[in-house]
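Reading through the structure tokens given below for one structure.
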Amino acid sequence: MSRLLEVYETMRKEAEAAEVQSNLKEMFSKYAETAESLLAEEYGKDYDVNDVASLANGLMVRDAEIVQEQEKVAEYDSIGRQLAHTYFENMKKEAAEKKEKKEKKESSKEEALEKIKADSKRGGE
């Protein structure tokens, strides 16, 4: 039974590798086609396979850099949103604390006034 599982696992890995290889081949073909069309547009027939390979490689590197920059921007955006959310929550908390302090202060003033009024009524009696 374990031999059967090993064979299955090997077949699965080979299939995944074949799929990855197929996807890479397709991607490289598209870059090569793009490079060849750009070179033909610019130079007519005055280029060779090395020129196509070089330009295709440059296009792939450029696209990889663009993806990396987009990922950085997305990461910075996420961090910025988290910071803004935290700041906003802290501001709400501070506002609630200030309001509570103000209410306590007003309440204690009112209690003091009531006490003074009560004392003055008792003193006037």
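How many residues does region 1-27 contain that are under 22 Å from Asn57 (Cα atoms) and charged (D, E, K, R)?
Total meeting the criteria: 3.
Against the definition (at positive phi and modelled with pLDDT of 90 or more), how does Gly58 come out, yes or no? Talk me through it step by step, then tell me what you get.
On the way: at positive phi: no; modelled with pLDDT of 90 or more: yes.
Here the answer is no, as Gly58 does not meet what is asked.
Filter region 81-125 down to residues that are in a helix (DSSP H, G or I) and surrounded by fewer than 10 Cβ atoms within 10 Å (Cβ to Cβ) and give me whichever is farthest from the chain's Cα centre (by Cα). Step through it out loud before you land on a result.
Going residue by residue through region 81-125, those that are in a helix (DSSP H, G or I) are 81-124.
Okay, now just the ones that are also surrounded by fewer than 10 Cβ atoms within 10 Å (Cβ to Cβ), so 121-124.
On the way: Lys121: 68, Arg122: 69, Gly123: 71, Gly124: 72 Å.
Filtering first and then ranking leaves Gly124.
In region 35-53, what residues are surrounded by 14 or more Cβ atoms within 10 Å (Cβ to Cβ) and of a type in the set (Ser, Thr, Tyr)? First the steps, then the outcome.
To start, the set of residues in region 35-53 that are surrounded by 14 or more Cβ atoms within 10 Å (Cβ to Cβ) comprises 35-36, 38-39, 47, 51-53.
Listed by number, the list holds a single entry, Tyr47.
Failed condition for Ala32, given (1) in a helix (DSSP H, G or I); (2) free of Cβ contacts under 8 Å to residues at least 12 places away in the same chain, with all others met?
(2)
Quick one: what pairs do we get from region 60-80, first residue part of a helix (DSSP H, G or I), second surrounded by 10 or more Cβ atoms within 10 Å (Cβ to Cβ), C-beta under 6 Å, 6+ apart or different chains?
Sorted first by the residue in region 60-80, then by its partner, the pairs are Met60/Tyr31.
The values are calculated or read from the model by the stated rules, or taken from the named source; none is laboratory data. Bear in mind that the values here come from a model prediction, so they are computed numbers and not experimental data. Methodologically, a virtual Cβ is constructed for each residue, glycine included, from the backbone with ideal geometry; neighbour enumeration extends over all protein chains shown.
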